[in-house]
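Reviewing the structure listed below.
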Amino acid sequence: CIVSGAVRTLRVPGRHGYAAEFSPYLPGRLACAAAQHYGIAGCGTLLILDQNESGLRLFRSFDWNDGLFDVTWSENNEHILVTCSGDGSLQLWDTAKATGPLQVYKEHTQEVYSVDWSQTRGEQLVVSGSWDQTVKLWDPTVGKSLCTFRGHESVIYSTIWSPHIPGCFASASGDQTLRIWDVKSTGVRIVVPAHQAEILSCDWCKYNENLLVTGAVDCSLRGWDLRNVRQPVFELLGHTYAIRRVKFSPFHASVLASCSYDFTVRFWNFSKPDPLLETVEHHTEFTCGLDLSLQSPTQVADCAWDETIKIYDPVCLTMPA
């Protein structure tokens, strides 16, 4: 059993972390998408990590010729992942093979900043969001996109499938809107003018199909009930720079985590009068990647531009609620 407060760190020299995602299958396996030179130039690396008693070890790494900005695990094969890159392409990788990508999908005309594999049963779909202002839908077994969604008026930073509703996903953009889309109608269902600032991240509540959270450059997190989007249902303040990523807890209906360009990760319970549970300050650069384990109710992973990936158990998740 890991002692609360113990942090496992892997340093990856010359690689700046953009996204961290726990495997939905293998406890303790983590994927990290990283880039050289802060993603501005150079190549990218997909890092696959395993944790053991002594800490974190690198299981495998894959290089790509441009920065990698996001990663998502397959929901039907424990070895398969998809990454997305600054060159406008998506890559399909197999961790069981030490070679390059099984498949490359290049249709976006600018950086692809977000990629997500659908979680609802009966469909194997990937959605990608790009700086070219489009979202594309992919079936990984098909070499080209199934369709393209247009409507955002600026770069798209985040595209996330609903964990509840098949064929439904959300996107967050520099145009200051959160949008809800339906694959079957290929059009936008709901447009939420969620912030008066660029929105860098969004996520769906795992316990309420109508609840999403957005994180923006205005340093605020806002909760949205899709049945009435005129006003946020909660607002969480405390970050001092742009919020880069936000994730709802898989284990607690009202708990979420956010990471920011203020170098911190913060944990919140939006149902409490004093919602900030904990602030973790263990990075020395922009904190970009964040995930909460599906296997362990207390375990969190993050990565930052300080060339480190960390797995830890924040005090607030180890205490009885």
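The values are calculated or read from the model by the stated rules, or taken from the named source; none is laboratory data. Source: prediction; values computed, not measured. Cβ: placed from backbone, ideal geometry, glycine included. Neighbour counts: every protein chain shown. What goes into the accessible areas is simple: the full protein's heavy atoms, side chains included, and nothing from ligands, DNA or RNA. Shrake-Rupley method; radii C 1.70, N 1.55, O 1.52, S 1.80 Å.
A few remarks follow.
- Filter pass, Phe62 being part of a strand (DSSP E or B), closer than 23 Å to Gln103 by Cβ, modelled with pLDDT of 95 or more and over 16 Å from the mean Cα position of the chain (by Cα): yes
- For the stretch 267-278, the tally of residues that are in a strand (DSSP E or B) and open to solvent by less than 50 Å² (accessible area, probe 1.4 Å) stands at 4.
- Tally of residues being open to solvent by 30 Å² or more (accessible area, probe 1.4 Å) and free of Cβ contacts under 8 Å to residues at least 40 places away in the same chain across the stretch 152-174: 1
- Scanning the stretch 227-254 for residues that are touching a Ser or Thr at 6+ places or on another chain (Cβ under 7 Å) and either part of a loop (DSSP other than H, G, I, E, B) or free of Cβ contacts under 8 Å to residues at least 40 places away in the same chain (or both) gives Glu235, Leu237, His239, Tyr241, Ala242, Ser254.
- Unique residue being open to solvent by 10 Å² or more (accessible area, probe 1.4 Å), over 21 Å from His164 (Cα atoms) and in a strand (DSSP E or B) when the list is Leu56, Leu49, Leu81: Leu56
Residue by residue, here is whether (1) surrounded by 13 or more Cβ atoms within 10 Å (Cβ to Cβ); (2) farther than 30 Å from Val315 by Cβ; (3) among the β-branched types (Val, Ile, Thr); (4) in contact (Cβ under 8 Å) with a residue 12 or more places away in the chain holds:
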| residue | (1), (2), (3), (4) |
| --- | --- |
| Val7 | yes, no, yes, yes |
| Val12 | yes, no, yes, yes |
| Arg15 | yes, no, no, yes |
| Ala19 | yes, no, no, yes |
| Leu26 | yes, no, no, yes |
| Cys32 | yes, no, no, yes |
| Trp73 | yes, no, no, yes |
| Gln91 | yes, yes, no, yes |
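- Checking each residue in the stretch 167-197 for being out of contact with any Leu (no Cβ under 9 Å at 6 or more places or on another chain) and part of a loop (DSSP other than H, G, I, E, B) picks out Asp175, Gln176, Thr177, Lys184, Ser185, Gln196, Ala197.
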